[in-house]
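Colleague: Before I ask anything, here is the structure I am working with.
The values are calculated or read from the model by the stated rules, or taken from the named source; none is laboratory data. All values reported here derive from a predicted model rather than from experimental measurement. Note that we place each Cβ from the backbone using ideal geometry, even for glycine, and neighbour counts take in every protein chain shown. Side chains are part of the model used for accessible areas, which takes the heavy atoms of the whole protein and leaves out ligands, DNA and RNA. Shrake-Rupley method; radii C 1.70, N 1.55, O 1.52, S 1.80 Å.
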Amino acid sequence: SLYKKFQQGERTTMKQDMIEKLEKIGFAFDGSKFKSPLWRAKFLKSTAFEKEKCSETKANGSLLIDTGRWKENYEMLCEFQRQKGHCVVPKIYPENSRLSSWVRRQRH
């Protein structure tokens, strides 16, 4: 994954500001957190707060990230998060397979 490469100091397109943006909207890079009922309950309680953060991030446009394709995908994730209340995009997601693939590349 891009995130793992970043953590290991390998060459990747993943940057610290990208990681921070994703974490701000509730994206978890460690997929095992999704399996914990306690983590999921805690996350779902913060849904309104996270939705607000995602909206603010989109509205203010003052981001360091300027890579067009990444930003497009991030915006799709924000929209998914606004609609569903979380960032857990299914591995197989016919409604938006591009988003599903992108999320997997960020995470794994």
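Colleague: Over the heavy atoms of VAL88, what accessible area does a 1.4 Å probe trace out, to the nearest 10 Å²?
Modeller: 40
Colleague: Something else now. State the extension gain, in nm to one decimal, for the chain segment bounded by SER101 and GLN16, taking 0.36 nm per residue of separation less the distance between their alpha-carbons.
Modeller: Details: separation 85, 0.36 × 85 = 30.60 nm, distance 2.06 nm.
Full extension of this stretch gives 28.5 nm more.
Colleague: At 0.36 nm per residue, and after removing the present C-alpha to C-alpha distance, how many nm does the segment from LYS24 to ARG69 gain when stretched out fully? It would help to have the intermediate numbers written out before the result.
Modeller: Working: separation 45, 0.36 × 45 = 16.20 nm, distance 1.93 nm.
Using 0.36 nm per residue and subtracting the Cα-Cα distance, I get 14.3 nm.
Colleague: Next up: Grab the beta carbon distance between LYS84 and LYS4, set R0 = 22 Å, and tell me the FRET efficiency rounded to 0.05. Please report the intermediate quantities before stating the final value.
Modeller: Values: r = 25 Å, r/R0 = 1.15.
The value I calculate is 0.30.
Colleague: Within the set of other residues whose C-beta is less than 12 Å from the C-beta of ASN73, count the net charge using Lys and Arg as +1 and Asp and Glu as -1.
Modeller: Working: positive: LYS21, ARG69, LYS71, ARG98, ARG104, ARG105; negative: GLU72, GLU75, GLU79.
Residues near ASN73 contribute +3 overall.
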